[in-house]
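Read the structure below first, then the notes.
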């Protein structure tokens, strides 16, 4: 069971566009943004953005409503 979950997680990340911004000097520049799938970045099935400095956590499934 764990092997299949790990396999699905790896497949998810391979089919996603992952933007990871890091900085040692500016805490505000640290963030991660995941868009799934990579071939449909304008209307993704899943989108997540996390920025700990701004206490920002955005995620939604399906196209973002206007």
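Structure summary
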| quantity | calculated |
| --- | --- |
| Counted residues, the range 23-61 - those being under 26 Å from residue 8 (Cα atoms) and over 13 Å from the mean Cα position of the chain (by Cα) | 4 |
| Every residue from the range 1-50 that is surrounded by 14 or more Cβ atoms within 10 Å (Cβ to Cβ) and part of a strand (DSSP E or B) | 17, 31, 32, 33, 34, 35, 36, 46, 47, 48, 49, 50 |
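No lab work stands behind these numbers, since they all come straight from the coordinates. Note that this is a predicted model, so its numbers are computed, not measured. No Cβ is skipped: glycine too gets one built from the backbone with ideal geometry, and neighbour counts run over all protein chains shown.
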